[in-house]
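Peer 1: The structure that follows is given in the form of structure tokens.
The values are calculated or read from the model by the stated rules, or taken from the named source; none is laboratory data. Because the structure is a prediction, the values reported are computed rather than measured. Quick reminder, even Gly has a Cβ in these numbers, built from the backbone with ideal geometry, and neighbours come from all protein chains shown. With ligands, DNA and RNA removed, areas are computed over all heavy atoms of the protein, side chains included. Shrake-Rupley method; radii C 1.70, N 1.55, O 1.52, S 1.80 Å.
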Amino acid sequence: MTRSDLVEELAARFGQLTHRDAEFAVKAILDAMNDALVRGHRIEIRGFGSFSINRRPPRMGRNPRSGESVAIPEKRVPHFKPGKALREAVDQRTAELEAKTPQR
């Protein structure tokens, strides 16, 4: 699902929202999440999951072309941990889809 798919779904589910309003709502939510992660905050959405920042320590890597050692600096990367309800829903739905699909 892409951002535009999310906007379309929101506009379709809520008839009182125009496409432009749905687009603004999705942008506002994603911007708020982005800002919270940049500030180092954790985001928790009950039943869906949580977003946090993980630290990757500096390390030595190799240039695959020359084999030369390269210093890779420390990084902070976003991390998503799905909630229990999401994990169970995905597991159940994928199992149902696999049962419906004929085996080769």
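Peer 1: Anything in segment 71-89 that is open to solvent by 60 Å² or more (accessible area, probe 1.4 Å), touching a strand residue (DSSP E or B) at 6+ places or on another chain (Cβ under 7 Å) and without any contact (Cβ under 8 Å) to a residue 24 or more places away in the chain? List them, or say none.
Peer 2: Here is the first cut: in segment 71-89, the residues open to solvent by 60 Å² or more (accessible area, probe 1.4 Å) are 71, 73-76, 78-81, 84, 87-88.
Right, trim to touching a strand residue (DSSP E or B) at 6+ places or on another chain (Cβ under 7 Å) and you get 71, 74-76, 78-81.
Result: A71, E74, K75, R76.
Peer 1: How many residues does segment 9-56 contain that are part of a helix (DSSP H, G or I), free of Cβ contacts under 8 Å to residues at least 24 places away in the same chain and open to solvent by less than 100 Å² (accessible area, probe 1.4 Å)?
Peer 2: Matching residues across segment 9-56 total 18.
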